[in-house]
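Worksheet: one structure, shown below.
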Amino acid sequence: MKNLKYSLSVIMLMVGNVAFGQQRPTMVPEMTEIWEPEVPVVKPGETPQAPPSDAIVLMSPDLPLEKEWVNGKGEKPEWTYENGEATVSKGDIKTKRQFGDFQLHVEWRSPKEVKGDSQGRGNSGIFLQGIYEVQVLDSYNNRTYRNGQAASLYKQHAPLVNACKGPGEWQTYDIIYTAPRFKDDGTFFTPPMVTVIHNGVLVQNNVALRGPTEYIGIPEYTSKPHGKGPLSLQNHGNPVSFRNIWIREL
Ligand code: MG
């Protein structure tokens, strides 16, 4: 069934390409899901990592959440927050600060109690500049489409391997990000480039993004030109937690 889904998606995408210049078929989410081949599993080493001296600390037990974060309306964030650990509750949250190129460290934990499957298990996300998602998902013994699992650049790049720890365990992402540069016509002069190290394992090696993350349809190069943007953390309805977030602007 999954193979069939995959084949259908690919055929539909090819049809879309062949029909370039003509009207594209109406897209549905499944058309951009790629299931095969399954991403190989790697068992990672131990966690956490303290911030270096030149980092901007965005989340730690020493900071109230509202020091660096706001909700979608720019008001006080409404996530559960204890001992420097923020857990998804109401809405998304985003940083007050705006960032261009950076090195980012984030620790996250999917719920210990396993509920749901595929995209419904431990789903959250880190949106770079507010629009490019590094997927957060409990991908431990949880198949989903490969370009939507943990540490994917959602629906654009599957991770090289699956370095996910189990539910309830803290995990790390170290993300190196180069923001896009734009031409006068609004297309990329250079696209956003992303490297992701998941639990100490390289899973995205300086990959280029096509455009802002899309749930439905193919992302376009012709995004709106933008300057610096916030980091935002996604509420996808699952109580995923975050801690020890720090960033170094490059
Ligand atoms: Mg997500």
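The values are calculated or read from the model by the stated rules, or taken from the named source; none is laboratory data. Since this is a predicted model, take the numbers as computed values, not measurements. Note that we place each Cβ from the backbone using ideal geometry, even for glycine, and neighbour counts take in every protein chain shown. Keep in mind that these areas ignore ligands, DNA and RNA; they rest on the heavy atoms of the full protein, side chains included. Shrake-Rupley method; radii C 1.70, N 1.55, O 1.52, S 1.80 Å.
Suppose we keep only residues that are of a type in the set (Phe, Trp, Tyr) and open to solvent by less than 10 Å² (accessible area, probe 1.4 Å) within the range 146-196. Which one would you say is farthest from the chain's Cα centre (by Cα)? Looking at the filtered set, the residue picked out is Tyr177.
The range 120-194 holds strands (runs of 3 or more DSSP E) entirely within its bounds, and those carrying 1 or more residues that are hydrophobic (A, V, I, L, M, F, W, C) and within 16 Å of the ligand (Cβ to nearest atom) map to 124-128, 132-136, 170-178. Selection over the range 108-129 of residues that are surrounded by 18 or more Cβ atoms within 10 Å (Cβ to Cβ) and either of a type in the set (Gly, Ala, Ser) or at negative phi (or both) gives a count of 13. A residue that is over 16 Å from the mean Cα position of the chain (by Cα) and more than 20 Å from Asn147 (Cα to Cα) can be found somewhere in the range 202-222. The number of residues in the range 98-119 being under 23 Å from Ile197 (Cα atoms) and either part of a strand (DSSP E or B) or away from the ligand (no atom under 16 Å from the Cβ) (or both) comes to 13.
Which of the residues spanning the range 126-143 are within 22 Å of Gly168 (Cα to Cα) and either among the hydroxyl-bearing types (Ser, Thr, Tyr) or outside the structural domain of Leu231 (by TED's automatic domain parsing) (or both)? Selection gives Ser139, Tyr140. Scoring Ile216 on the criteria (1) among the hydrophobic types (A, V, I, L, M, F, W, C); (2) more than 29 Å from Lys73 (Cβ to Cβ); (3) in a loop (DSSP other than H, G, I, E, B) leaves a single failure, condition (2). Could you go through the range 62-76 and let me know if any residue there is more than 20 Å from Tyr177 (Cα to Cα), touching a helix residue (DSSP H, G or I) at 6+ places or on another chain (Cβ under 8 Å), assigned by TED's automatic domain parsing to the domain that holds Asn205 and more than 16 Å from the ligand (Cβ to nearest atom). For the range 62-76, residues more than 20 Å from Tyr177 (Cα to Cα), touching a helix residue (DSSP H, G or I) at 6+ places or on another chain (Cβ under 8 Å), assigned by TED's automatic domain parsing to the domain that holds Asn205 and more than 16 Å from the ligand (Cβ to nearest atom): present. Taken together, Lys155, Lys183 contain a single residue that is free of Cβ contacts under 8 Å to residues at least 60 places away in the same chain and basic (Lys, Arg), which is Lys183.
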